[in-house]
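Here's the structure, in structure tokens; my notes come after.
The values are calculated or read from the model by the stated rules, or taken from the named source; none is laboratory data. Since the model is a prediction, treat every value here as computed from it, not as a measurement. Glycine gets a Cβ as well: all are built from the backbone with ideal geometry, and neighbour counts include every protein chain shown.
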Amino acid sequence: MKRDVKTWVMRGVLVAAVAGSLSACAPLVVGGAVVGGLSATDRRTTGSQVEDEGIELKVASALRQSIGNRIHANVTSYNRQVLLSGEVASQAEKERAEKLAVSQDNVNSVVNDLAVIPPSSLTQRAKDTVITGQVKAAFLDAKDLQSNAIKVVTERGQVYLMGRVTAREAKRATDIARGIGGVTKVVRIFEEISEQELQRLSGTTATPAKKN
């Protein structure tokens, strides 16, 4: 069953890669690749998930209206923290993009990792989409990770990880991502939670230690 799910994931990202390659006129991407549905196993509340999708759309719209097609930018929001990734033509555009993102309602903070370089090629973007799918599939295979708890975004082989995770999960996810072919760097943008908070979110309790 797990193999079937993994196959489905990989087919999906390959379709997305092809679609992205054909969409040169749409440089702004929301949520890394596409706007996803709500997840019951996400560690954010349903309200937070809806709010983050709204933030992504508002920031992308503001960038499109102000800067237009001069940039290739991905907008990803997790718990009101916005990641800007991609490429811009100048430092001024990079700073402008950050100001636009910060000015949107409900945005708490912005991680501006836009690179001041020429836009990545469609071939590179397709490779990035495949890498994202491979990382997600590897998370799905890992028995000690909850794959839906981590957002994955890839730019030019650089993988960004977002989510509410424990220190143990952060290290594990980072190690997995670094082991994927084509990954040049892993950037962690995590909210760290305790193991006790994880147990609460998962609806589980710790097994008490046996007395000797």
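Points worth noting:
- Looking across the stretch 42-74, the residues that are of a type in the set (A, V, I, L, M, F, W, C) and under 26 Å from Leu201 (Cβ atoms) come down to Val50, Ile55.
- You will find that of Val111, Val159, the residue that is buried (at least 16 other Cβ atoms within 10 Å of the Cβ), farther than 18 Å from Gln49 by Cβ and in contact (Cβ under 8 Å) with a residue 60 or more places away in the chain is Val111 and no other.
- Failed criterion for Val88 (all others in (1) touching a helix residue (DSSP H, G or I) at 6+ places or on another chain (Cβ under 8 Å); (2) surrounded by fewer than 20 Cβ atoms within 10 Å (Cβ to Cβ) hold): (2)
- Scan the stretch 94-103 for residues that are closer than 20 Å to Val153 by Cβ and surrounded by fewer than 19 Cβ atoms within 10 Å (Cβ to Cβ) and the total you get is 2.
- Hits in the stretch 146-182 - residues which are more than 20 Å from Ser202 (Cα to Cα), assigned to a helix (DSSP H, G or I) and of a type in the set (Gly, Ala, Ser): Ala177
- Tabulated pairs, the stretch 78-101, first outside the structural domain of Tyr160 (by TED's automatic domain parsing) and free of Cβ contacts under 8 Å to residues at least 12 places away in the same chain, second among the hydroxyl-bearing types (Ser, Thr, Tyr) and not in a helix (DSSP H, G or I), C-beta under 7 angstrom, 6+ apart or interchain: none
- Residue match in the stretch 183-197 (condition: more than 16 Å from Tyr78 (Cβ to Cβ), outside any strand (DSSP E or B), hydrophobic (A, V, I, L, M, F, W, C) and modelled with pLDDT under 95): no
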